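Some notes on the structure that comes next.
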Amino acid sequence: MDHFLYRDGELFAEDVSVAEIAATVGTPFYLYSSATLLRHFKLFDDALSFGEHLVCFAMKSNSNQAVLKLLGDAGAGMDVVSGGEYARARAAGVSGDKIVFSGVGKTRQEMTDALTGGIRQFNVESEPEMIALNDVALSLGVTAPIAIRVNPDVDAKTHEKIATGKSENKFGIPISRASEVYAMAAAMKGLDVVGIDVHIGSQLVELEPFEEAYKKVRALTEQLRAEGHNIRRLDLGGGLGIPYMRSNEAPPLPVEYGQLIERTLGDLGCEIEIEPGRLISGNAGLMVSKVIYVKSGEDREFLIIDGAMNDLVRPSMYGAHHDIIPLIEPTAGVEQTPYDIVGPVCESGDTFAKGRQMPPLKPDDLIAFRSAGAYGAVMASEYNSRPLIPEVLVQGDQFAVIRQRPSFEEMINRDTIPAWL
Ligand code: LLP
């Protein structure tokens, strides 16, 4: 459920007309609903209420300061994967003891910054990283809390570019070698081994892969405890998929996911952490765009819009589906037309949808891409010198621009011409 609904034939975000925001901000832009973000966070928080837990928002999905502040104030921790994300989380007021640091390639500088600024735990992904972190911690005279990310070799049954839990993926250490690597970690004076971390992929629409992975984590917890490690925290990653509303695909609900966790791991006495991104922010956001031209091709109609692949790259990068709806509600029984919906970027890959059935549209009509709150704005670029599009947050009947659209001058002035030219 989200808070983007038609009211009297017009699309609203909570209590604000989306067309009214478009008139103020200009198109294209991203639009987020506070109520939806909070609702999704709370679903996870409640789903884990059977025990001690922390929901760490995977801020790679959406790292706007206002979004982080909203979720952080509601009690969310953050899952960060770079020094930049760590700095953003801290700047939004999230305390270090609620930040987990994931990622396969943490640099010594990133480790230093997090150890100095405060960190809940590092999710360590390899032996060389463990050695580096131990070094850094010792040189700072502190100990680094760690969980070791294990790769459970399960098939997440998702898009190959976002599956991470198979042995062929670059993530984590093979679970078969966990015992050896934990022993190595325990012998390092700069490290404090607190738990186990696992994340098998993104946009999972079934619970079975989670179940398979979590059962392996359970067995590993028991084994490592028997070997003398004080395993007291389990980080179970993110990855729960979202309903994209296009088919009868019905991904499991957070409450069902919580029940699975309780059933497989609930009696181990461990604190549970999860790192959901997409399910919290995905359906809490739209990308709003305007039709520039309707162009007749030989055998099809093209809807050329002002949003492009640089603004929302998921369709061209993963072949991802986004529902696209007009801001004016189609009247009942209106005849639909198939459109190829494309942006102005000079690549055929700049295609959002082919043959998408839409009510007849004309230049200046507004449309909204649903499910665009996750991996939308954060993956945008300025390709074709198209400035990053603004982000807007709605709360009840108010809205605010939470990232301005840069002017051409601001974009250009980031470059410098050397004196010799
Ligand atoms: N934790 C770790 C370690 C991750 O690598 C990820 C996502 C998450 C949590 C959050 O997963 P989520 O709950 O959002 O599924 N750009 C792609 C998605 C890449 C996901 C990468 N890792 C897309 O647009 O679909």
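Charged side chains reduced to their Cβ positions (Lys and Arg at +1, Asp and Glu at -1) give the chain a dipole of some 620 debye around its Cα centre.
Total lysine pairs in region 153-280 at Cα distances under 29 Å, for residues eight or more apart or on different chains: 13.
Given +1 at the Cβ of Lys and Arg, -1 at the Cβ of Asp and Glu and no other charges, the dipole of region 235-321 around its Cα centre is 440 debye to the nearest 20. The length gained on full extension between V104 and E329, counted as 0.36 nm times the residue separation minus their Cα-Cα distance, comes to 76.5 nm.
Over the chain, accessible surface divided per residue gives 43 Å², non-protein components excluded, 1.4 Å probe.
Computed over neighbours whose Cβ is under 12 Å from that of V288, the net charge equals -3, Lys and Arg +1, Asp and Glu -1. With K and R counted +1 and D and E -1, the other residues having a Cβ less than 13 Å from that of L68 yield a net charge of +2. If R0 is 60 Å, the Cβ-Cβ spacing of E127 and C346 corresponds to a FRET efficiency of close to 0.85. Given +1 at the Cβ of Lys and Arg, -1 at the Cβ of Asp and Glu and no other charges, the dipole of region 26-173 around its Cα centre is 420 debye to the nearest 20. Only protein atoms count toward the accessible area here, which uses a 1.4 Å probe; on region 293-370, the carbon and sulfur part of that area reaches 52 percent. Packing order of peptides 338-345, 187-194, highest average first: 338-345, 187-194 (average count of other Cβ atoms within 10 Å over each peptide's residues).
The share of Cα pairs per 5 Å bin across region 278-400, counted from zero up to the longest distance, runs 2, 10, 20, 25, 20, 13, 7, 2, 0, 0 percent. Of the solvent-accessible surface of region 65-214, computed with a 1.4 Å probe and all protein chains present, 52% belongs to carbon and sulfur. Given a 1.4 Å probe and the protein chains as shown, K69 ends up with an accessible area of around 100 Å². Sort all Cα-Cα distances of region 1-145 into consecutive 5 angstrom bins from zero, then give the percent of pairs in each bin up to the one containing the longest distance. The calculated distribution, bin by bin, is 2, 9, 17, 16, 15, 12, 11, 7, 5, 3, 2, 1, 0. Given a Förster radius of 22 Å and the C-beta distance between E52 and A74 as r, what FRET efficiency does 1/(1 + (r/R0)^6) yield to the nearest 0.05? The pair E52/A74 has a calculated efficiency of 0.80.
With a sphere of radius 13 Å drawn around the Cβ of A22, what net charge do the other residues whose Cβ falls strictly inside it have (Lys, Arg +1; Asp, Glu -1)? Please list the in-between numbers first.
Details: positive: K290, R405; negative: E10, E20, D306, D364, D365.
Net charge in that neighbourhood comes out at -3.
Divide the volume of the convex hull around the Cα atoms of the chain by the residue count and you get 165 Å³ per residue.
In terms of packing, defined here as the mean over residues of other Cβ atoms within 10 angstrom, the peptides 266-279, 352-365, 127-140 line up highest first as 266-279, 127-140, 352-365. Which of rounded, prolate or oblate describes region 342-421 when judged by the alpha-carbon gyration tensor and an a/c cut-off of 1.5? Here region 342-421 falls in the oblate category.
For T221, the solvent-accessible surface with a 1.4 Å probe is about 0 Å², rounded to the nearest 10.
The values are calculated or read from the model by the stated rules, or taken from the named source; none is laboratory data. Note that this is a predicted model, so its numbers are computed, not measured. When we count neighbours, we look across all protein chains shown, and the Cβ atoms used for this are built from the backbone with ideal geometry, even at glycine. Heads up: the accessible areas ignore ligands, DNA and RNA and are worked out on the full protein's heavy atoms, side chains in. Shrake-Rupley method; radii C 1.70, N 1.55, O 1.52, S 1.80 Å.
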